[in-house]
1. Filter segment 19-43 for residues that are open to solvent by less than 20 Å² (accessible area, probe 1.4 Å), at pLDDT below 90 and assigned to a loop (DSSP other than H, G, I, E, B) and give the result.
2. Can you run down the residue pairs with Cβ atoms below 7 Å, 6 or more apart or on separate chains, where the first is in segment 136-150 and touching a residue at least 24 places away in the same chain (Cβ under 8 Å) and at positive phi and the partner is assigned to a loop (DSSP other than H, G, I, E, B) and open to solvent by less than 50 Å² (accessible area, probe 1.4 Å)?
3. Here is a check on your reading of the model: is residue 149 over 15 Å from the mean Cα position of the chain (by Cα), within 16 Å of residue 193 (Cβ to Cβ) and surrounded by fewer than 17 Cβ atoms within 10 Å (Cβ to Cβ)?
4. How about segment 152-170: which of its residues are in contact (Cβ under 8 Å) with a residue 12 or more places away in the chain, surrounded by fewer than 13 Cβ atoms within 10 Å (Cβ to Cβ) and among the aliphatic types (A, V, I, L, M)?
5. Which residue is modelled with the lowest pLDDT, if the candidates are limited to segment 45-55 and must be within 24 Å of residue 105 (Cβ to Cβ) and open to solvent by less than 90 Å² (accessible area, probe 1.4 Å)?
6. Checking the structure you have, find out if any residue of segment 74-87 is touching a strand residue (DSSP E or B) at 6+ places or on another chain (Cβ under 8 Å), open to solvent by 60 Å² or more (accessible area, probe 1.4 Å) and among the hydrophobic types (A, V, I, L, M, F, W, C).
7. Restricting attention to segment 42-85, which residues are over 21 Å from residue 124 (Cβ atoms) and aromatic (Phe, Trp, Tyr)?
8. Can you tell which of 111, 67 is within 21 Å of residue 192 (Cα to Cα), buried (at least 17 other Cβ atoms within 10 Å of the Cβ) and at pLDDT 90 or above?
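The values are calculated or read from the model by the stated rules, or taken from the named source; none is laboratory data. Since the structure is predicted, the reported quantities are computational estimates derived from the model, not experimental observations. FYI the Cβ positions are ideal-geometry reconstructions off the backbone, even for glycines, and counts take in every protein chain you see. Heads up: the accessible areas ignore ligands, DNA and RNA and are worked out on the full protein's heavy atoms, side chains in. Shrake-Rupley method; radii C 1.70, N 1.55, O 1.52, S 1.80 Å.
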Amino acid sequence: MFLFYQKEEKKMTEQLREIAERIRGLREIMEVSEAEMAECCEMTLEEYQAQERGEKDFSFSFIYNVANRLGVDVVDIISGDSPKLSGCCVVRKGEGLEVNRRKAYNYRHLAYTFRGKMCEPFLVTVEPKADEGRPELHEHEGQELNYVVEGSMEFHFGEEVYVLSEGDSVYFDSGVPHAMRTLNGKPTKFLAVVMKKQRRC
């Protein structure tokens, strides 16, 4: 079991490094400065530089804001492979572009081969953490729908906190700082649909 977790952690570290390299490469091609990217992502220059070196985990908000500024698809940043389909995209059960950014989070992009998407749909599975307190809140342009498929979560939206269980959903302005955490010591699975706002920093 320990060896399994070591392999998973190594896989996540490699994915973070690859994403960071793609971000740096795209930024340099687009001739956007680190300072401008830091401002766009609402963080200090030092924080942004750490992200671009792959030293810190990426929030979806960070990847979304970077993709928005550089004019590319979120999937370009995550996988390095541009979506190619424009008519229909079918993803079978258990499939999808897997993104393991954090130890407790597993994301599966459900439309990763579709180009020109108006939204980013993810199936997110979150494992409980023993020391989990108030989660770190993030924000990004647009709106979002979260639908709980399994388990229950505490959804933080600004200063408000909502408890959501299987079958519950929340639709919100994702420009307001938000986050979630699992409840009852069990994994939570939810569908997250992020709707884009077409505006560059």
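1. Once the filter is applied, which keeps residues that are open to solvent by less than 20 Å² (accessible area, probe 1.4 Å), at pLDDT below 90 and assigned to a loop (DSSP other than H, G, I, E, B), segment 19-43 yields only 41.
2. Once the first residue is touching a residue at least 24 places away in the same chain (Cβ under 8 Å) and at positive phi and sits in segment 136-150, its partners that are assigned to a loop (DSSP other than H, G, I, E, B) and open to solvent by less than 50 Å² (accessible area, probe 1.4 Å) give 142/174.
3. Values: over 15 Å from the mean Cα position of the chain (by Cα): yes; within 16 Å of residue 193 (Cβ to Cβ): yes; surrounded by fewer than 17 Cβ atoms within 10 Å (Cβ to Cβ): yes.
Judged against the criteria, residue 149 is a match.
4. Once the filter is applied, which keeps residues that are in contact (Cβ under 8 Å) with a residue 12 or more places away in the chain, surrounded by fewer than 13 Cβ atoms within 10 Å (Cβ to Cβ) and among the aliphatic types (A, V, I, L, M), segment 152-170 yields only 163.
5. Taking segment 45-55 first, the residues within 24 Å of residue 105 (Cβ to Cβ) are 47-55.
So of that shortlist, the ones also open to solvent by less than 90 Å² (accessible area, probe 1.4 Å) come out as 47-52, 54.
Numbers: 47: 92, 48: 93, 49: 93, 50: 91, 51: 90, 52: 91, 54: 87.
Result: 54.
6. We begin by selecting, within segment 74-87, every residue touching a strand residue (DSSP E or B) at 6+ places or on another chain (Cβ under 8 Å); these are 74-75, 78-79, 83, 85-86.
If we keep only those that are open to solvent by 60 Å² or more (accessible area, probe 1.4 Å) too, we end up with 85-86.
Now restrict to residues that are among the hydrophobic types (A, V, I, L, M, F, W, C): 85.
Within segment 74-87, one or more residues are touching a strand residue (DSSP E or B) at 6+ places or on another chain (Cβ under 8 Å), open to solvent by 60 Å² or more (accessible area, probe 1.4 Å) and among the hydrophobic types (A, V, I, L, M, F, W, C).
7. Within segment 42-85, 48 is the sole residue that qualifies.
8. Details: 67 fails: at pLDDT 90 or above.
Result: 111 is the single residue among 111, 67 that is within 21 Å of residue 192 (Cα to Cα), buried (at least 17 other Cβ atoms within 10 Å of the Cβ) and at pLDDT 90 or above.
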